[in-house]
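First the structure, in the form of C-alpha cells, and then the observations on it.
The values are calculated or read from the model by the stated rules, or taken from the named source; none is laboratory data. Since this is a predicted model, take the numbers as computed values, not measurements. Neighbour counts run over all protein chains shown; Cβ positions are idealised from the backbone, glycine included.
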C-alpha cells in the first residue's frame, strides 16, 4: 500500500509467464501493433507514435527529453516535488538550458504563473510532471495546452503516477509528449514505459533520424543533429515499431506481454470506471486516515486519487511504525523524499491495490500500530469513516 | 531456433510470475544482493560492481559506454560484424573520438592487429564485441587484457551473444567492463542487462558521481564532469545497488526475478557444464547442417557454440524457406544483416533451446523444406550426422 511499485494484478503476472516468440514472428509484431492500439486508448490520443520504451518510467522520460532536446535548447520545468527535479536533471544532462520555477512541496502552479514564465523564458519545451507521488498532488494541465500552442512551445508531461487513476486525456489537453510507467495505477511491474508523441513532436524527432550504421544501406538517413543516445533514439524506435520494422533493440517480450495486459484490463474495465474506482478507494482511505485523527499533507484541491500523504504524528518514530506495519501486518506504506523525508507517510490506493479490503485492512493495522506507538486514536475511527464512504457510494 | 531471442526456460517464466514487493522491502533488497552474488559467478569475477541495468542488452552497452566515456575521449572499436558497428555508434553518440579497425564479416582480429591499433590510437577505452551473432564468430580476448593493462587502456566487451555458451571469465581475461543480456544462452527474455565493472572502471565512473537533485542533501556530491545520461549513470546505479540504496529508478522487479532465475539455473547446472552443453548441441547442429550438404559461413576456428550460419543454397528464396520453417513446422530460424542479408540463415542452439530434440526436429524440418524448395539433399543426412555426434558423446 505504498506509493508504488505496488502489487501487480495477478492477471498481468500470468500474462508475463507466456512463452516468448521471435521478435519478427508475425504473432509478435501483431502483439506490438495491438499494444499500440491499446495505449492509444489508455492515453486517449490518436497519435500514431504511441509505443513502449524498454526500461522503467524514467527511461521513458529520458527518451522523450533526449529525443526532443538539442544541446542549447531552452526548457522550462515547473518544479513542485521530487520528480520535477528529475525532469530538470535529465534535461540538463541532455544539454538543455533549463529554467525552473518552484512552489513549496504540496502545492501546484496556477496556469498564469506558468504562462508568465513561458513569456519570459521562451522555451522550446515545457516539461512538467502531472502527478508527483513525492507530494501526492497533481498539477492541473487543462489551460497549458492552449498556452503552449499559442506560444509555439512543445508541451510534455510525465503521467507515471497519475495515469488511469486520475482524469487525463492526451489530445484534449493539447499534449505533444507523454510518458508513463506500469507500476502505479496500471497494476503492472516497473520496467516498461508507455509513451506517446503528437505529430508535431514526432516531426521534431524524425528530423533528427539516422539509420544505424550496422544496418544502413546506401541512401539511408544520417542526421546532422543526431540524438545523443542510441538506446533512447525515438526516431529509431519509431522505425522499429512502425511498418519498416527496422531492427533496433530486441523488444523486451515479457515486459511487452505485461504492458499489453495492463492496458487490456484497463480498457476492459473502462478508463472512466478505473478513475472512479481510484476516486472511491482513495476517498475512503482519505476519510479513514482523517477518522483516525491524522492530518493530511498537501493541497486537498489537487490531491491525486491514488495516494495520500499523512503527517507523521509528533512523538513517534515514523520508520519504526512503518516497520511494524510491514513486519507485523505485511503491509508496506511509504516514506517520502527531500523536505518531506521523515515528515509524512505516503499511502497508496492504486492499481490492483485500489480495493475495499486493502483500504480496510490498512486502516485497521494502522490504528493498531498507532495505538502501540502511544498515539491517541479513536477506536474504529478509521474503518468506520471508510465504511461510511463506501455506504454513501452504495458499495457497503 | 533463431539467433536470439529464443524460447525462455519455463522455470524462468514461472519465476517471473511471482508477486511484486516494494523496492525497499528487505526481501527485495536481499533478492538484489543475491542477484549480484549470482552474476559474479556467471561473469566469473570478484567485482563488487556487478548488477543489472534495467533495459535490453543494448541498454547495458550504453550504460557502460556513457559512464566510462567523456566527450573527446579516444575509443578504439575493432569491428567484425553488426554489433561492432553498434559499439562505434553508441561511443560516437557519447561524444567519443572513435577509431575503428575492420575485418570482413566472418573473420576475427589477431591480437597483434589490435595491439598495433592501440599503439597508434592510444585510446582510453578498447571496446570490442566478444561473440557477434550477426556473423556467428567470437573474437579471442585472451591476449588483449595484458595488452590493455600494459598500455593503460580500459578493456570492455559485450558478451550478450556468447555468455554461458562459450568459455569466458571476466577477471582471468583482465576485463574492466562487461555487459550482457538474458535472451541468448542465459535462457531468459530480453529486458535486463547484467553488467560488471572492475575496481579500475568503477573508480573512473565514481569520479563522475553526482547525487540526484531531488534527493540531494547539503554536502552531497555534484560532479564537474557529469555522465551525460541520468538513466544510465552507473555511479547512481552503484549507489542504488550498494549499501546506501540511494533511490534512482524503480527496479524492474519482474525482470529482476527473471535475471536471478537465469543465473540460479546456470550456477546450479555449472557454468562449464552449460558451455559443454552448448558445444555438444551446437556441434550436432553443425554436423547435421553439413550432413544436409549445406555450406557453413564464417571462420570455423572462431565459431561460437550457440549459433551457426549456413549459406542459403543458390536458386532458392531464403525468406520463403524460412517462412515454411515457421508456418509449417513452427520453427523460427534467422536471417542476417548488412553484407550477409539474404546470403545466410542463422540457426541457434542456445539456452533452453540447446537440446537434442530441438536439434533433431530442426534438421528434419529443414531437410523437408529444402527438398520442397528443389534443393538436392541427402535423405536423413542431417539427422544422421547429428545422431553420430550424440553417439560419440555417449548421449544417443
Name every residue in segment B:214-238 that is part of a loop (DSSP other than H, G, I, E, B) and surrounded by 14 or more Cβ atoms within 10 Å (Cβ to Cβ), in order of residue number. B:216, B:223, B:226, B:227, B:228, B:229, B:230, B:231, B:232, B:233
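So for segment B:54-64 (the condition being more than 9 Å from chain A (Cβ to nearest Cβ), surrounded by 18 or more Cβ atoms within 10 Å (Cβ to Cβ) and in contact (Cβ under 8 Å) with a residue 24 or more places away in the chain), does at least one residue qualify?
Step one: filter segment B:54-64 for residues more than 9 Å from chain A (Cβ to nearest Cβ), giving B:60, B:64.
Filter again for surrounded by 18 or more Cβ atoms within 10 Å (Cβ to Cβ), leaving B:60, B:64.
Checking the rest, the ones that are also in contact (Cβ under 8 Å) with a residue 24 or more places away in the chain come to B:60, B:64.
The answer is yes, given that some residue of segment B:54-64 is more than 9 Å from chain A (Cβ to nearest Cβ), surrounded by 18 or more Cβ atoms within 10 Å (Cβ to Cβ) and in contact (Cβ under 8 Å) with a residue 24 or more places away in the chain.
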Filter segment A:105-135 for residues that are touching a residue at least 40 places away in the same chain (Cβ under 8 Å) and farther than 20 Å from residue A:179 by Cβ and give the result. A:105, A:106, A:107, A:117, A:118, A:121, A:122
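For every residue, the table says whether it meets (1) more than 19 Å from residue B:292 (Cα to Cα); (2) modelled with pLDDT under 95; (3) in contact with a strand residue (DSSP E or B) (Cβ under 6 Å, 6 or more places away or on another chain).
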position: B:324; (1), (2), (3): no, no, no
position: B:333; (1), (2), (3): no, no, yes
position: B:336; (1), (2), (3): yes, yes, yes
position: B:351; (1), (2), (3): yes, no, no
Examine segment B:48-62 for a residue that is over 19 Å from residue B:186 (Cα atoms), assigned to a helix (DSSP H, G or I) and within 18 Å of the chain's Cα centre (by Cα), and state whether such a residue exists. yes
Give B:301, B:309, B:276 a once-over and let me know the one that is closer than 16 Å to residue B:133 by Cα, at pLDDT 95 or above, under 21 Å from the mean Cα position of the chain (by Cα) and surrounded by fewer than 20 Cβ atoms within 10 Å (Cβ to Cβ). B:301
With the requirement that a residue be closer than 17 Å to residue A:276 by Cα, outside any helix (DSSP H, G or I) and in contact (Cβ under 8 Å) with a residue 24 or more places away in the chain, what does segment A:364-396 give you? A:393, A:395, A:396
Report yes if some residue within segment A:86-96 is in contact with a helix residue (DSSP H, G or I) (Cβ under 7 Å, 6 or more places away or on another chain) and in a strand (DSSP E or B); otherwise report no. no
Odd one out for residue B:241 among (1) touching a residue at least 40 places away in the same chain (Cβ under 8 Å); (2) in the same structural domain as residue B:34 (by TED's automatic domain parsing); (3) farther than 28 Å from residue B:27 by Cα: (3)
Pick out the one residue from A:35, A:45 that is at pLDDT 95 or above, more than 12 Å from every other protein chain (Cβ to nearest Cβ) and not in a loop (DSSP other than H, G, I, E, B). A:35
Options A:261, A:251, A:172: the member that is modelled with pLDDT of 95 or more, farther than 30 Å from residue A:150 by Cβ and part of a loop (DSSP other than H, G, I, E, B): A:251
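Give segment B:324-334 a look and list any residue that's more than 19 Å from residue B:84 (Cβ to Cβ) and touching a residue at least 12 places away in the same chain (Cβ under 8 Å), or say none.
Of the residues in segment B:324-334, the ones more than 19 Å from residue B:84 (Cβ to Cβ) are B:324-333.
Matches in segment B:324-334: B:324, B:325, B:328, B:329, B:331, B:332, B:333.
Select from segment B:1-27 the residues that are in a helix (DSSP H, G or I) and in contact with a helix residue (DSSP H, G or I) (Cβ under 7 Å, 6 or more places away or on another chain) and write down the one among them that is surrounded by the fewest Cβ atoms within 10 Å (Cβ to Cβ). Break it down into steps so the answer makes sense when it comes.
First pass over segment B:1-27, keeping only residues in a helix (DSSP H, G or I): B:10-15, B:26-27.
In the following step, the residues that additionally are in contact with a helix residue (DSSP H, G or I) (Cβ under 7 Å, 6 or more places away or on another chain) were identified as B:11-12, B:15.
On the way: B:11: 14, B:12: 26, B:15: 21.
For segment B:1-27, the residue satisfying everything is B:11.
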Quick one: residue A:169 ticks every box in (1) more than 14 Å from every other protein chain (Cβ to nearest Cβ); (2) without any contact (Cβ under 8 Å) to a residue 40 or more places away in the chain; (3) farther than 21 Å from residue A:73 by Cβ except a single one, so which number is it? (2)
Determine if segment B:136-147 includes at least one residue that is more than 24 Å from residue B:41 (Cβ to Cβ), in the same structural domain as residue B:64 (by TED's automatic domain parsing) and surrounded by 24 or more Cβ atoms within 10 Å (Cβ to Cβ). yes
Could you check residue B:262 against (1) under 30 Å from residue A:184 (Cα atoms); (2) away from chain A (no Cβ under 14 Å); (3) touching a helix residue (DSSP H, G or I) at 6+ places or on another chain (Cβ under 7 Å) and say which number it fails? (2)
Quick one: in segment B:70-82, which of the residues that are within 12 Å of another protein chain (Cβ to nearest Cβ) and more than 14 Å from the chain's Cα centre (by Cα) is surrounded by the fewest Cβ atoms within 10 Å (Cβ to Cβ)? B:71
Selected residue (criterion: nearest to residue A:268 (Cα to Cα)) from residues of segment A:169-189 that are buried (at least 24 other Cβ atoms within 10 Å of the Cβ) and more than 11 Å from the chain's Cα centre (by Cα): A:187
